[in-house]
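Heads up, the thing below is written out as structure tokens.
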Amino acid sequence: MNIHAATATAAVSISRLDKVYDTGFQALKAVDLEIRKGEIFALLGPNGAGKTTLIGTVCGLVNPTSGEIRVGGYDVIKDFRKTRAMIGLVPQELTGDRFETVWATVKYTRGLFGKPQDDTYIEKLLRDLSLWDKRNDKLITLSGGMKRRVLIAKALAHQPSILFLDEPTAGVDVELRKDMWEIVRRLRENGVTIILTTHYIEEAEEMADRIGVISRGEIILVEEKNELMRKLGKKDLSVQLQEPLETVPSALADLGLNLANGGTELVYSYDSQSERTGIASLMAAISAEGIRIKDVSTHQSSLEDIFIGLLKDRS
């Protein structure tokens, strides 16, 4: 990959990135990755896969052992101040003075990046994140959900063009999770590039434009979400029977059917994108055998099914 050619359209370009800790543990292995401007990119992987280390190297918090990282075309080591100013990072935990007010902590964070005072921007930011009514509250008094919103406000205080969200909805309730998704979409509409790590498969499925899968420090797949679902997703047709079968009848043996649920169900897997699914001929063949059908249903493979399958293939 020609990383310098890629930077014209890439928000983040990573080439041959390695990270080996002093213990000898290799957290990242020859990572090549390009994040496009204005996209939502989800990085999926189990605990210990290297997600947080990868974010840390891009944000300048972790020194890489070898390789190159460019943000907006600038080298993150040689041009640290310039690249760091382009990045907002939402960590998993809120740090800082717990007795500081919401307004003060967000305003202070903006100043850390050398940005001029702009109370109008901070007000808009707090309103957008439903924090305006809490602006004079101390951090220690806030609920977990409100603290998570403050983390985002702090990350956006200096108006970065790239936002990293490390497990943004871990431990929050379903309602707040959906609010967070809406916030992220609005940011993307305003031109912010979003990179999120998540354990929640549905989060990536709901929000991401592209998905990367990392396992044992290696990027094993990067794919457009819709293309990934199309290529790896499959549908199962479940035919529930009036009376159970002991075995699949010999006349149906070549159709790829499996018995399930104690013989009360025939399951047929097919490519939902194919022009010919074979369902019509399958149903005709079942009927010709005199098998009485109680009900028929389909199940689409989820991203979670695909993810589990990918990791199983690598183990």
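The values are calculated or read from the model by the stated rules, or taken from the named source; none is laboratory data. Just so it is clear, the model here is predicted, and its values are computed rather than measured. We place every Cβ from the backbone using ideal geometry, glycine too, and count neighbours over all the protein chains shown.
Where strands (runs of 3 or more DSSP E) sit wholly within the range 16-120, those with at least 2 residues that are without any contact (Cβ under 8 Å) to a residue 60 or more places away in the chain occupy 66-71. Screening Gly48 on (1) at positive phi; (2) in contact with a strand residue (DSSP E or B) (Cβ under 6 Å, 6 or more places away or on another chain) shows it passes everything except condition (2).
The rows are residues; the columns are (1) at pLDDT 85 or above; (2) more than 30 Å from Met207 (Cβ to Cβ); (3) in a helix (DSSP H, G or I).
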site: Glu227; (1), (2), (3): no, no, yes
site: Asn258; (1), (2), (3): yes, yes, no
site: Thr277; (1), (2), (3): no, no, no
site: Ala285; (1), (2), (3): yes, yes, yes
site: Phe307; (1), (2), (3): no, no, yes
site: Leu310; (1), (2), (3): no, no, yes
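For the residues Thr101, Thr53, the requirement of being over 22 Å from Gly191 (Cβ atoms), over 26 Å from the mean Cα position of the chain (by Cα) and of a type in the set (S, T, N, Q) singles out Thr101. For Glu246, indicate whether it is touching a strand residue (DSSP E or B) at 6+ places or on another chain (Cβ under 9 Å), of a type in the set (D, E, K, R) and assigned to a strand (DSSP E or B). No: the conditions fail for Glu246.
Looking at Thr193, is it under 15 Å from the mean Cα position of the chain (by Cα) and either under 22 Å from Leu112 (Cα atoms) or of a type in the set (Phe, Trp, Tyr) (or both)? So Thr193 fits the description; yes. Candidates Val222, Val296: the one that is in the same structural domain as Leu44 (by TED's automatic domain parsing), within 34 Å of the chain's Cα centre (by Cα) and modelled with pLDDT of 85 or more is Val222.
Scan the range 197-211 and tell me whether some residue there is touching an Asp or Glu at 6+ places or on another chain (Cβ under 6 Å), closer than 20 Å to Arg84 by Cα and in contact (Cβ under 8 Å) with a residue 12 or more places away in the chain. Checking the range 197-211: at least one residue is touching an Asp or Glu at 6+ places or on another chain (Cβ under 6 Å), closer than 20 Å to Arg84 by Cα and in contact (Cβ under 8 Å) with a residue 12 or more places away in the chain. Val213 meets the stated requirement of being under 14 Å from the mean Cα position of the chain (by Cα), assigned by TED's automatic domain parsing to the domain that holds Thr57, under 28 Å from Ala30 (Cα atoms) and crowded, with 22+ Cβ neighbours inside 10 Å. In the range 171-198, what residues are among the hydroxyl-bearing types (Ser, Thr, Tyr) and under 22 Å from Gln159 (Cβ atoms)? Of everything in the range 171-198, just one residue is among the hydroxyl-bearing types (Ser, Thr, Tyr) and under 22 Å from Gln159 (Cβ atoms), namely Thr193.
Taking Thr169, is it over 17 Å from the mean Cα position of the chain (by Cα) and part of a loop (DSSP other than H, G, I, E, B)? When the stated conditions are applied, Thr169 does not pass them.
This table checks each residue for (1) buried (at least 19 other Cβ atoms within 10 Å of the Cβ); (2) touching a Ser or Thr at 6+ places or on another chain (Cβ under 9 Å).
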{"site": "Asp79", "(1), (2)": "no, no"}
{"site": "Lys82", "(1), (2)": "no, no"}
{"site": "Gln117", "(1), (2)": "no, no"}
{"site": "Asn136", "(1), (2)": "no, yes"}
{"site": "Ile140", "(1), (2)": "no, no"}
{"site": "Ala157", "(1), (2)": "yes, yes"}
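Any idea which of Leu43, Leu94, Leu61 is surrounded by 22 or more Cβ atoms within 10 Å (Cβ to Cβ) and at pLDDT below 95? From the options Leu43, Leu94, Leu61, the qualifying one is Leu43.
Inside the range 130-145, residues that are of a type outside the set (Phe, Trp, Tyr) and either closer than 30 Å to Gly73 by Cα or free of Cβ contacts under 8 Å to residues at least 24 places away in the same chain (or both) make up a count of 3. Scanning the range 172-204 for residues that are among the aromatic types (Phe, Trp, Tyr) and not in a helix (DSSP H, G or I) yields one hit, Tyr200.
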